[in-house]
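Step one of this worksheet: look at the structure below.
The values are calculated or read from the model by the stated rules, or taken from the named source; none is laboratory data. Everything numeric here is computed off the predicted structure, so don't read it as measured data. Cβ: placed from backbone, ideal geometry, glycine included. Neighbour counts: every protein chain shown.
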Amino acid sequence: MGPLMDAAFCAAWLEAAALAVAADRERLTDLDAAIGDADHGANLDRGFSEVRQALAAGGPGQPLAVAGVTLIRKVGGASGPLYGSLLRAMGKALGESFTLAGFAAAFQAGVDEVARLGKAVEGDKTMLDALGPAARAVAGAVRDGAEPRAAFERAAEAAREGALATVPLVARKGRASYLGERSAGHEDPGAASSALIVGALVTADGEA
Amino acid sequence: MKKLINSPGEVVGDALKGMAAAHPSLRVADRVVYRAAGPRAGKVGLVSGGGSGHEPLHAGFVGYGMLDAACPGEVFTSPVPDQIIAATQAVDGGAGVLHIVKNYTGDTLNFELAADLTEGVEVAGVLVDDDVAVQDSLYTAGRRGTGATLFVEKMAGALAEQGAPLAQVARVAAEVDGRSRSFGIALTSCTTPAAGKPTFDLPDDQVELGIGIHGEPGRRRAPHAPARELAEVAMDAVHHDLPLYGDLLVMVNGMGGTPLIELYIVFAEVEAYVRAKGARVARSLVGNYVTSLDMQGFSVTVCRLDDELTRLWDAPVETPGLRWGR
């Protein structure tokens, strides 16, 4: 079963994700400039700033659910509703305290929600190419009886590899799909930001 | 890159303040642009929206004969559901509301979420996807909505003004989209206020073929050429997808940074192309209507008219961006 985690871990994850997005804002926007419209870093940074404000306001609700609703309501674009739905689905599934197995199931539920809303599958050159492998890595770690720290490290690694594996792909969904064959040769900005956010799980676990 | 802004984060809010101050016919509240006169009982309401940076689309088309409300997002970023819900509820005159949505993942997601969450209003939607530069298939995001958005907003707006019911307004809006095709060519990239530098580098002797309206690169690069040849590339792409015959509505649209004199040069070539195919430019529009910030270049949008659509195009319209007949 592993140790219990709680809502404070979720808040720490969101804080770490916000810092990671802010730090890599320019890189995300540059990736987006190559095959999109050059605003992914700016939009996501704006969204996570709103998330930090919403959490600092200290209202009720699971932090991931609060963050999800905030991203859906404040960010716009595709990344707002998609990341928002990921986090909201996770928050709804997790509650106040949970095991690593519970986290793995919630993560997969969130990823499924992203796929449903975005009408995308892995291999379309989207954030799912990082999120899908990451969710499977956490589930695999649970089966192996791993501690949360090891599970999150495996998830971060899987997400990074998944993001890099988008480089040769031709985009079938999202704004990069308009470029057709020219979208190949570039890392997908959504997959890159997903890898950052999953990577923040490791940071959050180190602090919790 | 020099910009006439106060700060990158305030661009949309500051521009909306200016629109409200310049046009007493508009009312701006919580990032939604409304007709100041409010909804009319029994009239279908028209709501559109999308990222900012395409002005006058969409807010410049709010007024008699076109939209009831526009929801501007951040630059090149779709609006959020809260804006769309508020607009939908405010413009309902009891006959329901049509959402006019350009086919981009962000726009469709946010409009779908808003339609699901809007209570007590009958909502229909039309997706605009006229850009032939994008290869369409079952497995992709599909074609982008570009210039035909103006045609849909104008003709559906005229029909709504005449008191047609929601189902009919939605049907005609979809028909206008189905009869319309666009293709765009860029001479330069554009510079978003947030990035402060051009989205892509384009050498002086090259053009981007098949661009959208967000400064994203096109499908391929080609050597720069005289207007006649560029117009032919665009019209070949349109004609290949929608054979040109009969009476056409043709828009030569500037991307924001192109002088009108050059757009007229392009229009002359487009008109000659249409004539050579045995079709006729029955109605036309030349100017900056569906723009991409400061991008230089043009798009051409063609709609195959019938008598009903011609009447709807000719019907009176009074908005900041388009006005005639009233």
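Determine if region B:197-207 includes at least one residue that is out of contact with any His (no Cβ under 9 Å at 6 or more places or on another chain), modelled with pLDDT of 95 or more and farther than 26 Å from B:GLY96 by Cβ.
No, region B:197-207 contains no residue that is out of contact with any His (no Cβ under 9 Å at 6 or more places or on another chain), modelled with pLDDT of 95 or more and farther than 26 Å from B:GLY96 by Cβ.
Mind listing whichever residues of region B:31-83 are hydrophobic (A, V, I, L, M, F, W, C) and at the interface with another protein chain (Cβ under 10 Å from one of its Cβ atoms)?
In the first step, residues of region B:31-83 are kept if they are hydrophobic (A, V, I, L, M, F, W, C); the result is B:32-33, B:36-37, B:41, B:44, B:46-47, B:57, B:59, B:61-62, B:66-67, B:69-71, B:75-76, B:80.
Scanning region B:31-83 gives B:CYS71, B:VAL75, B:PHE76, B:VAL80.
As an exercise: evaluate B:VAL266 against (1) in contact with a helix residue (DSSP H, G or I) (Cβ under 6 Å, 6 or more places away or on another chain); (2) in contact (Cβ under 8 Å) with a residue 40 or more places away in the chain; (3) farther than 23 Å from B:ALA156 by Cα and give the number of the one condition it does not meet.
Of (1) in contact with a helix residue (DSSP H, G or I) (Cβ under 6 Å, 6 or more places away or on another chain); (2) in contact (Cβ under 8 Å) with a residue 40 or more places away in the chain; (3) farther than 23 Å from B:ALA156 by Cα, only one is false for B:VAL266: (2).
Determine if region B:124-139 includes at least one residue that is more than 27 Å from A:TYR83 (Cβ to Cβ) and either polar (S, T, N, Q) or assigned to a helix (DSSP H, G or I) (or both).
Yes, some residue in region B:124-139 is more than 27 Å from A:TYR83 (Cβ to Cβ) and either polar (S, T, N, Q) or assigned to a helix (DSSP H, G or I) (or both).
How many residues are surrounded by 24 or more Cβ atoms within 10 Å (Cβ to Cβ) and part of a loop (DSSP other than H, G, I, E, B) when one looks only at region B:144-171?
4
Residue check: is A:GLY91 more than 14 Å from chain B (Cβ to nearest Cβ), surrounded by fewer than 24 Cβ atoms within 10 Å (Cβ to Cβ), out of contact with any Asp or Glu (no Cβ under 7 Å at 6 or more places or on another chain) and modelled with pLDDT under 95?
no
What pairs come up if the first residue lies in region A:21-46 and is more than 9 Å from every other protein chain (Cβ to nearest Cβ) and under 20 Å from B:VAL11 (Cβ atoms), the second is in a helix (DSSP H, G or I) and basic (Lys, Arg), and their beta carbons are under 8 Å apart, counting only those six or more places apart or on different chains?
Pairs found: A:LEU44/A:ARG25; A:ASP45/A:ARG25.
Suppose we filter region B:78-117 for residues that are among the polar types (S, T, N, Q) and in contact with a Gly (Cβ under 6 Å, 6 or more places away or on another chain); how many remain?
Number satisfying all stated conditions: 3.
Scan region B:183-216 for residues that are of a type in the set (Gly, Ala, Ser) and more than 7 Å from chain A (Cβ to nearest Cβ) and jot them down.
B:GLY184, B:ALA186, B:SER189, B:GLY196, B:GLY210, listed by residue number.
Among (1) within 21 Å of the chain's Cα centre (by Cα); (2) free of Cβ contacts under 8 Å to residues at least 60 places away in the same chain, there is one condition B:GLY51 misses while meeting the rest; what is its number?
Condition not satisfied by B:GLY51: (2).
Take the residues in region A:47-79 that are within 10 Å of chain B (Cβ to nearest Cβ) and outside any helix (DSSP H, G or I); name whichever of them is farthest from B:GLU10 (Cα to Cα).
A:ALA78
Is region B:95-107 home to any residue that is more than 19 Å from the chain's Cα centre (by Cα) and on the phi < 0 side of the Ramachandran plot?
yes
Residues that are farther than 15 Å from B:PHE183 by Cβ and surrounded by 18 or more Cβ atoms within 10 Å (Cβ to Cβ): does region B:241-250 have at least one?
yes
Identify all residues within region B:88-128 that are away from every other protein chain (no Cβ under 14 Å), in contact with a strand residue (DSSP E or B) (Cβ under 6 Å, 6 or more places away or on another chain) and of a type in the set (A, V, I, L, M, F, W, C); write none if there are none.
Matches in region B:88-128: B:VAL91, B:VAL97, B:LEU98, B:ILE100, B:VAL121, B:VAL123, B:ALA124, B:VAL126, B:VAL128.
Exactly one condition in (1) at pLDDT 95 or above; (2) within 14 Å of another protein chain (Cβ to nearest Cβ) is false for B:ARG219; which is it?
That leaves (1) as the condition not met.
Condition check ((1) within 30 Å of B:ALA222 (Cα to Cα); (2) not charged (D, E, K, R)) across all residues:
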{"residue": "A:ALA106", "(1), (2)": "no, yes"}
{"residue": "A:GLU122", "(1), (2)": "no, no"}
{"residue": "A:GLU153", "(1), (2)": "no, no"}
{"residue": "A:ALA156", "(1), (2)": "no, yes"}
{"residue": "A:ALA184", "(1), (2)": "yes, yes"}
{"residue": "A:GLU187", "(1), (2)": "yes, no"}
{"residue": "A:GLY190", "(1), (2)": "yes, yes"}
